[in-house]
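The values are calculated or read from the model by the stated rules, or taken from the named source; none is laboratory data. Computed from a predicted model, the values in this text were never measured in an experiment. Using ideal geometry, Cβ is built from the backbone for each residue, glycine included, and neighbour counts are taken over all protein chains shown. Keep in mind that these areas ignore ligands, DNA and RNA; they rest on the heavy atoms of the full protein, side chains included. Shrake-Rupley method; radii C 1.70, N 1.55, O 1.52, S 1.80 Å.
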Amino acid sequence: MTLTRILVGLSAVAGSVLLAVPAYAATGQVDGNITVGGSSCSWTNATTSDVAPNTLTIDHTTVHPSCSGSITASLTNDPTVTFDDTAGTVTAPEVDVNGTVLGITCSYKVSNVSYARQGTGRSYTGGPFTATLSGGGGLCPATENVDSASLTFH
């Protein structure tokens, strides 16, 4: 067998192996908004681990909210989002948020969050939700009401 035949054979095997390897999922982006006690925080272009309607996670380190009002908020976990196109919903088993008022930071958890699709695109709204205190000082309320929240995937 000549060297050329060996190289051609190895190239064919290597090419077929490369074609058999699944492509990595493309990352997507999400815009969002949350309203609590008359204050609103929104962000754009946070990174997601995949694109809708695939199950994905939102990378909390890429969520940079701009807030108006007396409360500022930040996402502190990477929530997993599951899409149900038949029902027109997205759900997340847990969303963790820090809220800061007058320099006091309180940590809250919202469990089993569900958002309803608006129209036929990838915009969803939800709320009201009750957030339960998961950390912070004695000045933090045991619960906080989230008036509304929205997510738009792209």
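So PRO53 passes all but one of these: (1) in a strand (DSSP E or B); (2) within 16 Å of THR152 (Cβ to Cβ); (3) more than 11 Å from the chain's Cα centre (by Cα). Which condition number does it fail?
Unmet for PRO53, out of (1) in a strand (DSSP E or B); (2) within 16 Å of THR152 (Cβ to Cβ); (3) more than 11 Å from the chain's Cα centre (by Cα): (1).
Which one is nearest to ARG122 (Cα to Cα), of the residues in the stretch 72-89 that are surrounded by 15 or more Cβ atoms within 10 Å (Cβ to Cβ) and touching an Asp or Glu at 6+ places or on another chain (Cβ under 8 Å)?
PRO79
Please state which one of GLY103, GLY99, GLY32, GLY69 is modelled with pLDDT under 95 and either loosely packed, with under 13 Cβ neighbours inside 10 Å or touching a Leu at 6+ places or on another chain (Cβ under 6 Å) (or both).
After ruling out the rest, the residue left standing is GLY103.
For the stretch 124-137: of the residues being in a loop (DSSP other than H, G, I, E, B) and free of Cβ contacts under 8 Å to residues at least 40 places away in the same chain, which is least open to solvent (accessible area, probe 1.4 Å)?
Across the stretch 124-137, the extreme among qualifying residues is GLY137.
Residues in the stretch 36-48 that are crowded, with 21+ Cβ neighbours inside 10 Å and farther than 15 Å from TYR124 by Cβ: how many?
Residues in the stretch 36-48 being crowded, with 21+ Cβ neighbours inside 10 Å and farther than 15 Å from TYR124 by Cβ: 2 in total.
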